[in-house]
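The structure appears below as structure tokens.
The values are calculated or read from the model by the stated rules, or taken from the named source; none is laboratory data. Because the structure is predicted, anything quoted here is derived from the model rather than measured. We place every Cβ from the backbone using ideal geometry, glycine too, and count neighbours over all the protein chains shown. Ligands, DNA and RNA are stripped out before the accessible areas are found, and what is left, the full protein with its side chains, is counted by its heavy atoms. Shrake-Rupley method; radii C 1.70, N 1.55, O 1.52, S 1.80 Å.
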Amino acid sequence: MTEPQQSPTMDVVTSRREGPVWVVTIDHPPVNALGVEVRRGLMAAIEAADRDADVRVVLILGAGRHFIAGADIREFGRPSQAPLLTDVCNRIEACTKPVVAAVQGSALGGGLEVVLAAHYRVALPGAKFALPEVTLGLLPGAGGTQRAPRLIGVEAALNLMLDGKPIGAAQALALGLVDRQDAGTDPVAAGLAYVQELLASQAPVRPTRDRQIAAADRPAAQQALDAARAALDKKYRGLFSPARIVDAVQAVLDRSFDEGLRLERDAFVQCLDTPQRQALIHAFFAEREAAKVPEAGRAQPRPLDRVGVVGGGTMGAGIAVAMLDAGLPVVMVERDEPSLERGRANVAKVYDRLVQRGRLDAAERDRRLNLWSGATDYQALAEVDLVVEAVFEDMAVKTAVFAELDRVCKPGAALASNTSYLDIDQLARTVSRPQDVIGLHFFSPANIMKLLEIVVPAQVADDVVATGFALARRLKKVAVRAGVCDGFIGNRILAVYRQAADYLLADGASPYQIDQAVRHFGFPMGPYQMMDLAGGDIGWASRKRRAPTRDPNLRYVPIADRLCERGWFGQKTGRGWYLYPEGSRTGQEDPEVQAIVDQERQDMGIVPRTFTEEDILRRYLAAMINEAANVVHQGIALRPLDVDVTMLYGYGFPRYRGGPLHYADQVGLDTVLADIRAFAAQDPHFWIPSPLLVELAGRGGSFKDLNQSGQG
Ligand code: T1G
Ligand code: NAD
């Protein structure tokens, strides 16, 4: 992770007088974050305005695409430097001249708190307002919890702070967050126009702190607070800061502004000290760093105006929808007309459901579907810039498809496979242009899941890798570079911690106990619920495919096979590890499954033992961390953060724990290693400490060190 260049204080905040207007501009690329030099610059600018008798109004602007994207997140965890943002906001509010904020782009977190501290606000069409601190394990710490409710009401302010999502200019105007909406594109012009209006009306200063919640609105405000508090456990399970947000906003009804500010400050410091804050900020920067790969640094992406998708099944259709959502024309090729019609229907079904739910209007659906075309003749792919193959997971079938692509696609077209496990180097060697072959591993449902593993085979050209990352940005996916191995980053690690779960199952834990422990850790579901969702038949097929090459030293637990032999594949067959009466998606524990487990243990001569929730989690996570370390050690992942991002966006690892390798650093690598060595005493074939884990623990190092050095 690279540190941005510090520029001298005065440059990042400039002030000039235009007649009676003191124009203050923050220019601190890339997002005008409120680092210490910006805070000092703002403080100085307001004080200068107050000293200058010729100044009648102050206008605050942000240069570039964004107004202010918040506090400088990189400063968190370091000793705080004066002035604190709270003091800067209080100083802005206390200015004796009206202060106006003109907002284009993002006004987020501390940036919105600066807007709230101003006396008047104007928004341009692209303006986005949010208090996303909760996504970083924090709460607004510069007066936002006290000023936002006073300006827009308790309920609206709570929603902004608890979900952290942005609202646009129109909604901000409707809520009273801004006073004006300007249709222009230039914040300077918009700001000065509004200032002239205020000067003409001799508008006074208007401190937000002086506003009170009207007596008539207090009962509804208290109801909103009570409802938010009641929903905390369900909606924000495991998170620390949401409850602090509700406490702070409660002060708006019960205390003075300054008492509320002190309470907010104390809560902010508490949140700063939590491991969650570290984990969530790690996740914030990790997903951005993951996009910084050597190939993209060396080459420009190829054009991406038209794409092809081969296969219209579960993945092909989802991938097509993701492309159409991004405005890319898609040519879908299937093996025959009935399959093509199924592919078209799979795509249309997604949009029809969105229209039915009112989340997309019919015209927009039709516009996107019109970008779709289908064919059974591969010639239809002659003009595409990139094609993604998503046909059956069979090397012979995929090789035949790539032979067709090699025959018809134009020179320079990128040829991608969505394979989950197969060897992309082998696939590349089957065509005349291996430099154009890449793996683009989407996750199901491909139009929803944000993760995209970009699998880099040995012969691929840098600009094809750069094209993969450009596509990911276009599709708003979080891309991770992965090397070629069985299962790449995510599925490879998944296979190992799944195996650890199966060993727990064989040795005495129930599938339901294991799932519960994993849910309590923060995953949305446990491994057995996951298998029932994805379909047990997929794992069964891959176990059968691997059987000939399976390591005979490794224990094999045949329980899942027993269920599959009965056709119990999970939700799609109404039962798997759980029962799903009448197609419900919430499974019920199944005593027959437990009976099968007991029988298999007997057949394997295992006397079941008791496992606590902690026992289960230590084994499950140790297996995940150990294999993740191997993936970094073998260069399949560039850095530990790439694994963390993969597990966060593709495998449900709880974001507030930062990912398995960030979590391992927090737990302590020596602790994890000690666990693995203890487990190895019972099973030395499965529990083989990763050389990287041994090396790092041995020298008191951390995975974080490797992220900072950018090395695996
Ligand atoms: N601090 C430091 N760096 C930041 C930053 C921030 N707030 N926001 C972005 N960056 C860096 C980012 O790492 C990347 O760096 C570059 O800017 C471009 O960002 C007291 C406590 C604004 C919507 O949570 O949501 O205020 O990789 O790639 O897609 O109450 O960045 O180039 O080296 O994301 O155009 C609250 C976080 C802080 C907003 C732009 N604010 N930022 O998206 O570009 S807490 C946030 C964003 C706070 C106060 C509290 C997005 C963006 P690099 P990018 P983008
Ligand atoms: P699927 O069975 O739902 O769809 C495969 C489609 O490919 C079918 O519609 C079939 O008609 C078509 N097809 C087969 N041979 C063809 C040919 N020669 N030309 C054109 N079309 C042909 O399978 P799926 O689940 O969508 O998986 C597709 C690929 O994506 C596999 O490689 C799989 O491993 C991978 N994948 C699957 C998932 C998942 O969760 N299902 C996730 C990631 C990756």
- Among what's in region 211-224 and is in contact (Cβ under 8 Å) with a residue 24 or more places away in the chain and out of contact with any Leu (no Cβ under 7 Å at 6 or more places or on another chain), pick the residue that is nearest to residue 121 (Cα to Cα). 212
- Message: Considering only residues that are part of a loop (DSSP other than H, G, I, E, B) and either in contact with a Pro (Cβ under 8 Å, 6 or more places away or on another chain) or surrounded by 20 or more Cβ atoms within 10 Å (Cβ to Cβ) (or both), which ones fall in region 185-210?
- Response: 185, 203, 204, 205, 206
- Query: Here are some conditions: (1) part of a loop (DSSP other than H, G, I, E, B); (2) in contact with an Asp or Glu (Cβ under 9 Å, 6 or more places away or on another chain); (3) open to solvent by 30 Å² or more (accessible area, probe 1.4 Å). Residue 611 meets all but one. Which one does it not meet?
  - Reply: (3)
- How many residues are more than 20 Å from residue 280 (Cα to Cα), surrounded by 19 or more Cβ atoms within 10 Å (Cβ to Cβ) and among the hydrophobic types (A, V, I, L, M, F, W, C) when one looks only at region 680-712? 6
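Could we say that residue 80 is buried (at least 24 other Cβ atoms within 10 Å of the Cβ) and hydroxyl-bearing (Ser, Thr, Tyr) here?
Against the criterion (buried (at least 24 other Cβ atoms within 10 Å of the Cβ) and hydroxyl-bearing (Ser, Thr, Tyr)), residue 80 does not qualify.
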- Item | Options 288, 265; residue that is surrounded by fewer than 20 Cβ atoms within 10 Å (Cβ to Cβ), within 16 Å of the chain's Cα centre (by Cα) and within 13 Å of ligand 1 (Cβ to nearest atom) | 288
- Task: Consider only pairs whose beta carbons are under 7 Å apart and that are at least six residues apart or on different chains; among these, list those whose first residue lies in region 319-338 and is assigned to a loop (DSSP other than H, G, I, E, B) and at pLDDT 95 or above and whose second residue is hydroxyl-bearing (Ser, Thr, Tyr) and more than 16 Å from ligand 1 (Cβ to nearest atom).
- Result: 334/376; 335/376; 336/376
- Give the number of residues within region 508-529 that are open to solvent by 40 Å² or more (accessible area, probe 1.4 Å), in contact (Cβ under 8 Å) with a residue 12 or more places away in the chain and part of a helix (DSSP H, G or I). 4
- Considering only region 153-170, how many residues are in a helix (DSSP H, G or I) and out of contact with any strand residue (DSSP E or B) (no Cβ under 8 Å at 6 or more places or on another chain)? 9
- Message: Which residue is nearest to ligand 2 (Cβ to nearest atom), if the candidates are limited to region 105-124 and must be hydrophobic (A, V, I, L, M, F, W, C) and over 17 Å from residue 209 (Cα atoms)?
- Response: 108
- Query: If you take the residues of region 436-451 that are open to solvent by 10 Å² or more (accessible area, probe 1.4 Å) and touching a helix residue (DSSP H, G or I) at 6+ places or on another chain (Cβ under 7 Å), which of them is farthest from ligand 1 (Cβ to nearest atom)?
  - Reply: 444
- Starting from region 128-139, take each residue that is small (Gly, Ala, Ser) and list its partners that are near ligand 1 (Cβ under 6 Å from one of its atoms), counting only C-beta distances under 8 angstrom and pairs at least six apart or across chains. 130/106; 130/108; 130/109
- Task: Go through region 394-425 residue by residue and tally those that are within 12 Å of ligand 2 (Cβ to nearest atom) and open to solvent by 30 Å² or more (accessible area, probe 1.4 Å).
- Result: 10
- Note on the structure: Of the residues in region 557-592, those that are farther than 16 Å from residue 535 by Cα and surrounded by 19 or more Cβ atoms within 10 Å (Cβ to Cβ) number 2
- Name, by its number, the condition in (1) under 33 Å from the mean Cα position of the chain (by Cα); (2) within 19 Å of residue 66 (Cβ to Cβ); (3) more than 16 Å from ligand 1 (Cβ to nearest atom) that does not hold for residue 173. (2)
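Among the candidates 56, 40, single out the residue that is over 18 Å from residue 110 (Cβ atoms) and among the basic types (Lys, Arg).
Just a single option satisfies the conditions, and that option is 56.
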- Residues satisfying the stated conditions in region 585-617, i.e. without any contact (Cβ under 8 Å) to a residue 60 or more places away in the chain and of a type in the set (Lys, Arg): 585
- Message: I'm checking my understanding of the structure. Among residues of region 377-393 that are outside any helix (DSSP H, G or I) and touching a helix residue (DSSP H, G or I) at 6+ places or on another chain (Cβ under 6 Å), which one is farthest from ligand 2 (Cβ to nearest atom)?
- Response: 382
- Criterion violated by residue 410 - all others in (1) within 21 Å of residue 495 (Cβ to Cβ); (2) modelled with pLDDT of 95 or more; (3) more than 16 Å from ligand 1 (Cβ to nearest atom) satisfied: (1)
- Could you tell me which residue of region 394-432 is nearest to residue 329 (Cα to Cα), considering only residues that are in a loop (DSSP other than H, G, I, E, B) and small (Gly, Ala, Ser)? 413
- Note on the structure: For region 101-152 the number of residues that are open to solvent by less than 10 Å² (accessible area, probe 1.4 Å) and either modelled with pLDDT under 95 or in a helix (DSSP H, G or I) (or both) is 14
